[in-house]
Amino acid sequence: MAEPESQEGNHDNRGKNAENFKMDILSCLREMERLTVHVACMTYDCVNIQTNPDLSNAMQRLECAFLMCREQIKK
C-alpha cells in the first residue's frame, strides 16, 4: 500500500515541476519578446540617424525644449 502513495506523491511533484517549467518558459519568452522589440526599436533609430543626420540634432533640440518646459511647469 505504501508504494502507490509514494508514486502518487511523485506524480504530484512531476505535475508541479511541469507547471513550474511551463511558467519559467513563458517568463523567458516574454522577456525575449521584450528584448527583441527593444533591439528592433534601437536598430530603427540607428538607421534613421545614419540616413538623416539632422534627425539627431532635431531630437536634441526637442529634448532641450521638453526639459525647459518641464522646468517651467514645476515652478
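The values are calculated or read from the model by the stated rules, or taken from the named source; none is laboratory data. Here the structure is a predicted model, which is why all the values come from computation and not from measurement. Heads up, the Cβs are rebuilt from the backbone with ideal geometry, glycines too, and the neighbour counts pull from every protein chain shown. Ligands, DNA and RNA are stripped out before the accessible areas are found, and what is left, the full protein with its side chains, is counted by its heavy atoms. Shrake-Rupley method; radii C 1.70, N 1.55, O 1.52, S 1.80 Å.
What pairs can you find where one residue is in region 64-75 and assigned to a helix (DSSP H, G or I), the other is open to solvent by less than 100 Å² (accessible area, probe 1.4 Å), and their Cβ atoms are less than 6 Å apart, with a gap of 6+ or different chains? Listed by first residue and then by second, the contacts come to nothing, as the list is empty.
Any residue that is touching a helix residue (DSSP H, G or I) at 6+ places or on another chain (Cβ under 7 Å), open to solvent by less than 80 Å² (accessible area, probe 1.4 Å) and part of a helix (DSSP H, G or I) - is there at least one of those in region 28-47? Among the residues of region 28-47, not one is touching a helix residue (DSSP H, G or I) at 6+ places or on another chain (Cβ under 7 Å), open to solvent by less than 80 Å² (accessible area, probe 1.4 Å) and part of a helix (DSSP H, G or I), which makes the answer no.
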